[in-house]
Amino acid sequence: MNKRANHSFCVGYDNVIAGLKGVILADHSYIAFNATHNAILGGAVHKIVVGDFSVIGGGYTNSILDGDYCVIVGGYLNTINVPGGGNCTVGGSNTTVTGSAGTAFGNFNTVTGIGGLAIGVEASAADGAAIGNKVTASGVKSLATGNLMTASGNYSRASGNNGTATADGAVSEGVLSHATAAYATARGLQAIARIAGQQAVANGAFAVAGDAQISDIVQRATTTSATVGSMPGYLLNPAQTVQYRVMVTARDTATGNSATWELKGAAKRIASAAAVAVGSSFPAATLIAADAGASGWACSASASTNSVVLLLTGAAATTIRWVARFEVVELGG
């Protein structure tokens, strides 16, 4: 037996329409009093509890618990629940959307944030997008695609197989590659980007990810006196040897006087000991070009605890900006 409210239409068996202007063409389904202008168009055991102008297309045991202008295309045990929101679209099996304007298609997917997208199997998104198998995009506006990928940093991106981008703006692309520092990028097979802004590329590893790779890192600093200052460089892991090439550019912000250098060398750590130069010392910088007004400026490489850093000498009462590109070949073990 069917029961319906005014201006409603019901076909099938054991249905209830308590809300105005509802349509049910199914069995064992229900449209509640607080839900108007809704439709259930096929299948069985569906319900629309709160919200207006929503549709369940078919399938079995699908629910719109709260939300306006929502659609469950079909499938099994799918749920939309967005109090005060709406505009969600769902299809597949065991998929749940609790973020307004969310979209989910596939099996066992979830969307929890506004405008999130989850497509595939066990894909989970906040307000970003997760597309693939067991991928998670939990960071703000993050993107995860592929298999077993996680983008948990805000505005991060992870694409490939079994990799992560866990810091803000981080990018992981490839297989078993991980970007763990802000704005860092790890690409290829078993690359690790652990320094802010690092771009690491690998083609496999000897023992652990990151022990055979190359990296590009951009660093910057400002000096305002002739006192020696420092610029962050490359942080070595325990039991690691690196070869580096650094290109340095400096410019006086007032006059435009400029100078450039190139530094080449190598450093290592024995087990957990501090970083030291390979050989007797760090090689001196090579001056590439300099204006006459920059003749007193200088830079050199040095070890500082576990890092290779640049020591910078500017000029008194002069604001000089320094930018360096570190190219590093990294070998662990």
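Here, each number is a calculation from the coordinates, and none is a lab measurement. Note that this is a predicted model, so its numbers are computed, not measured. All Cβ positions, glycine included, derive from the backbone under ideal geometry; neighbour counts span all protein chains shown.
Count Lys and Arg as plus one, Asp and Glu as minus one, and take only other residues whose Cβ is under 13 Å from that of residue 191; the net charge is then -2.
Extending 7 Å from Cα along the Cβ direction at residue 94 and again at residue 325 yields two label points whose distance is 5.0 nm. The modelled label-to-label distance between residue 206 and residue 55, using points 7 Å beyond Cα along the C-beta direction, is 6.2 nm. Sequence-ordered 3J(HN,Hα) estimates for region 80-87 from the Karplus curve with 6.51, -1.76 and 1.60 and θ = phi - 60° stand at 10, 8, 10, x, x, x, x, 6 Hz, glycine and proline given as x.
Neighbours of residue 147 by Cβ distance under 14 Å: Lys/Arg scored +1, Asp/Glu scored -1, total -1. Rounded, prolate or oblate: which fits region 184-228 when a ≥ b ≥ c are the square roots of the eigenvalues of the alpha-carbon gyration tensor, with rounded for a/c under 1.5 and prolate only if a/b beats b/c? Since a/c reaches 1.5 and a/b is larger than b/c, the shape of region 184-228 is classed as prolate. Label point of residue 107 set 7 angstrom out along Cα-Cβ; within region 115-157, amide nitrogens under 15 Å from it belong to 119-123, 132-135.
When you work out D = kT/(6 pi eta Rh) for region 65-152 at 20 °C and 1.002 mPa s, using the Kirkwood radius from C-alpha pairs as Rh and the Stokes-Einstein form, the result is 180 µm²/s. Across every direction, the projection of the convex hull enclosing the Cα atoms of region 206-282 has a mean area of 6.8 nm². A simple spin-label model places pseudo-atoms 7 Å from Cα toward Cβ; at residue 255 and residue 239 they are separated by 5.2 nm. Averaged over residues, the count of other Cβ atoms within 10 Å places the peptides 125-134, 322-331 in the sequence 125-134, 322-331, highest first. Using the Cβ-Cβ distance between residue 295 and residue 273 with R0 set to 30 Å, the FRET efficiency works out to roughly 0.20. Largest first and in whole Å, the equivalent-ellipsoid semi-axes of region 216-332 read 27, 13, 11, each the square root of five times a Cα gyration tensor eigenvalue. Between residue 264 and residue 218, residue separation times 0.36 nm minus the direct Cα-Cα distance comes to 15.0 nm. Projected onto its three principal axes, the C-alpha set of region 3-211 covers 70, 26, 13 Å, listed from the longest axis down. Shape call for region 1-60 from the C-alpha gyration tensor, a ≥ b ≥ c root eigenvalues: rounded (a/c under 1.5), prolate (a/b greater than b/c) or oblate? Oblate. Apply the a/c threshold of 1.5 to the C-alpha gyration tensor of region 281-333 and tell me whether it is rounded, prolate or oblate. Cα axes put region 281-333 in the prolate bin.
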